[in-house]
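This report refers to the structure that appears directly beneath it.
The values are calculated or read from the model by the stated rules, or taken from the named source; none is laboratory data. Worth saying up front: this structure is predicted, and the values here are computed from it rather than measured. All Cβ positions, glycine included, derive from the backbone under ideal geometry; neighbour counts span all protein chains shown.
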Amino acid sequence: MNSPTSSPRRAYWLKTLHEWHWITSAIALIGMLFFSITGITLNNVAVLESAPVITNKQAQLPAALNTQLASMAGEMADEDSASLPTAFLDWTRTTLNIDTRLAKQEWSDRDLNLSLQRPGGDAWMSINFSNGAVKFQDTDNGLIAYLNDLHKGHYTSTAWAWFIDGMGISCLIFALTGFFILFLHAKNRPATWPLVALGMLIPVLLALLTLH
């Protein structure tokens with residue numbers, strides 16, 4: 001028989017757990033839907049992927065800019081260690097409609113290669129110091145690839161990484177509060193623990209029997 005204080009205590013914990021459960025479900029709702037859907041698209045990428053769209057551009061770098069970059073090449077000891085000239089960043093933006101501020105750099109005495117990676121695609125630019133010729137190629141892998149990269153956090157921002165961590169914490173609290181709500185209701189719901197055990201057993205068996 002329950003003690004006189006057990007029912008108020010149980011009611012308190014049920015109320016508290018339900019509050020945290022619905023709050024985290026509200027906060028993480030869109031995130032859970034997004035990561036659930038992109039989990040499916042990631043698992044079926046071979047079926048859902050589309051042909052990449054490749055765009056090529058060519059241009060002629062102004063002589064002054066070419067000379068400036070060529071002079072910088074001799075000072076470069078390794079990649080990603082130079083601040084590209086503001087005039088060059090402005091030129092790529094206005095001439096080629098490309099933002100090269102965060103481009104990964106690879107220098108040599110003959111050329112400069114820039115790599116620009118983003119969710120769902122990538123691009124590269126090559127500048128030949130001997131004649132100032134600029135070649136640019138952009139690859140767009142489509143919406144599904146874009147969403148899949150967001151799911152994995154590939155080539156995203158620090159803010160997006162924080163968002164993923166926040167969604168993970170919210171989902172963790174949602175799951176744990178759900179577990180304790182199940183625990184408090186289990187006495188009146190005999191199927192609770194068999195279903196929980198089944199949910200644990202299925203992935204364990206699949207891992208043991210099908211993954212080598």
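Every listed requirement among (1) under 27 Å from the mean Cα position of the chain (by Cα); (2) surrounded by 12 or more Cβ atoms within 10 Å (Cβ to Cβ) is met by Phe183 save one, (1).
Here the condition is being within 28 Å of the chain's Cα centre (by Cα), surrounded by 12 or more Cβ atoms within 10 Å (Cβ to Cβ), on the phi < 0 side of the Ramachandran plot and free of Cβ contacts under 8 Å to residues at least 24 places away in the same chain; of Ile144, Ile98, Ile164, it holds for Ile164 alone. Any residue at all in region 174-190 that is polar (S, T, N, Q) and either closer than 23 Å to Asn44 by Cβ or touching a Phe, Trp or Tyr at 6+ places or on another chain (Cβ under 7 Å) (or both)? Yes: region 174-190 contains one or more residues that are polar (S, T, N, Q) and either closer than 23 Å to Asn44 by Cβ or touching a Phe, Trp or Tyr at 6+ places or on another chain (Cβ under 7 Å) (or both). Would you please list the contacts, defined by Cβ atoms under 7 Å and residues six or more apart or on different chains, that run from a residue in region 176-188 that is farther than 13 Å from His18 by Cβ and assigned to a helix (DSSP H, G or I) to a residue that is modelled with pLDDT under 90 and not aromatic (Phe, Trp, Tyr)? Within 7 Å, the pairs are Ala186/Thr192. Of all the numbered requirements in (1) over 21 Å from Tyr155 (Cβ atoms); (2) modelled with pLDDT under 90; (3) among the small types (Gly, Ala, Ser), Ala87 misses one, and that requirement is (2).
Could you list all residues from region 102-124 that are closer than 19 Å to Gly74 by Cα and surrounded by 14 or more Cβ atoms within 10 Å (Cβ to Cβ)? Correct list: Gln105, Glu106, Trp107, Asp111, Leu112, Asn113, Leu114. Of all residues in region 106-132, those satisfying the criterion of being assigned to a strand (DSSP E or B) and either touching a helix residue (DSSP H, G or I) at 6+ places or on another chain (Cβ under 6 Å) or hydrophobic (A, V, I, L, M, F, W, C) (or both) are Trp107, Leu112, Leu114, Leu116, Ala123, Trp124, Met125, Ile127.
Could you figure out which of (1) touching a helix residue (DSSP H, G or I) at 6+ places or on another chain (Cβ under 6 Å); (2) among the small types (Gly, Ala, Ser); (3) not assigned by TED's automatic domain parsing to the domain that holds Ala28 isn't true of Ser170? Condition not satisfied by Ser170: (3).
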